[in-house]
1. Hey, any hits in the stretch 165-176 for a residue that's more than 10 Å from the ligand (Cβ to nearest atom) and without any contact (Cβ under 8 Å) to a residue 12 or more places away in the chain?
2. I'd like the full set of residues that are modelled with pLDDT of 95 or more and either in a loop (DSSP other than H, G, I, E, B) or touching a His at 6+ places or on another chain (Cβ under 7 Å) (or both), limited to the stretch 14-23.
3. Give the residues of the stretch 108-140 that are more than 16 Å from the ligand (Cβ to nearest atom), more than 24 Å from GLY167 (Cβ to Cβ) and touching a strand residue (DSSP E or B) at 6+ places or on another chain (Cβ under 7 Å), sorted by residue number.
Amino acid sequence: MNDAGVPTTPVGANGGGLILPYKGTYPTIGKDVFIAPNATVIGNVSIGANSSVWFNVLIRGDDHWIKIGERTNLQDGTVVHLSKDTAPTFIGSDITIGHGCIIHGCTLEDGCMIGIGAIVLDGAIVEKGAIVGAGAVVPPGKRVPAGEMWAGCPAKKVRDVRPEEFGHLARNATHYCGLGEEYLKMRRALVPGM
Ligand SMILES: CC(C)(COP(=O)(O)OP(=O)(O)OC[C@H]1O[C@@H](n2cnc3c(N)ncnc32)[C@H](O)[C@@H]1OP(=O)(O)O)[C@@H](O)C(=O)NCCC(=O)NCCS
């Protein structure tokens, strides 16, 4: 258990990844988190149980902190960073972050979805169950209200999230938990003792 109350497992027990300290602070990684072998996690970062960090993701917690909740997936090529002293990054639970996103100094609340290639900038807040469309840019300080779908550059409201889409968001997050579990099993079979 770390200071933030996140249960941790030894570094290396998560499938791999380059896990580095920054100024003596190591990331703390919850139980059964899959971290792809070529993902990089640095410094003041915590990741909650059953989340998954896919290939080529970079999570760099150097000049501030980054917290990631449980059952959240960060898909291939995504970058998570922050701004020195002014903007940490908080990513809640049950969130899908698509391939190639940039999540920078902002807050993503539980159950939202960030579409492929989207960029969310400092001080922005994506509220619960909101959808940010593929390729969108959410400008600094903007709030995407709960249950709304925003898209475009700069991102603007397109419509409300449809009731059936909430189920889809939840299923997607669950699907990625299962996928992460499978990859962890494969890694543990390949690397005894992991
Ligand atoms: C946001 C999204 C869910 C909306 O899809 P949709 O239901 O087909 O969209 P709608 O039919 O309601 O579109 C409404 C309007 O928004 C536009 N629009 C939809 N997605 C858009 C996007 N990503 N960027 C810009 N405009 C978009 C549509 O062209 C349409 O415009 P129009 O009314 O002028 O024709 C989808 O486009 C998307 O971005 N999905 C992300 C998928 C993803 O990244 N998954 C994560 C990895 S698994």
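The values are calculated or read from the model by the stated rules, or taken from the named source; none is laboratory data. From a predicted model like this one, the values you see are computed outputs, not experimental measurements. When we count neighbours, we look across all protein chains shown, and the Cβ atoms used for this are built from the backbone with ideal geometry, even at glycine.
1. Within the stretch 165-176 (the criterion being more than 10 Å from the ligand (Cβ to nearest atom) and without any contact (Cβ under 8 Å) to a residue 12 or more places away in the chain), the answer is yes, since at least one residue qualifies.
2. Passing the criteria: PRO21, LYS23.
3. Of everything in the stretch 108-140, those that are more than 16 Å from the ligand (Cβ to nearest atom), more than 24 Å from GLY167 (Cβ to Cβ) and touching a strand residue (DSSP E or B) at 6+ places or on another chain (Cβ under 7 Å) turn out to be LEU121, ASP122, GLY123, ALA124.
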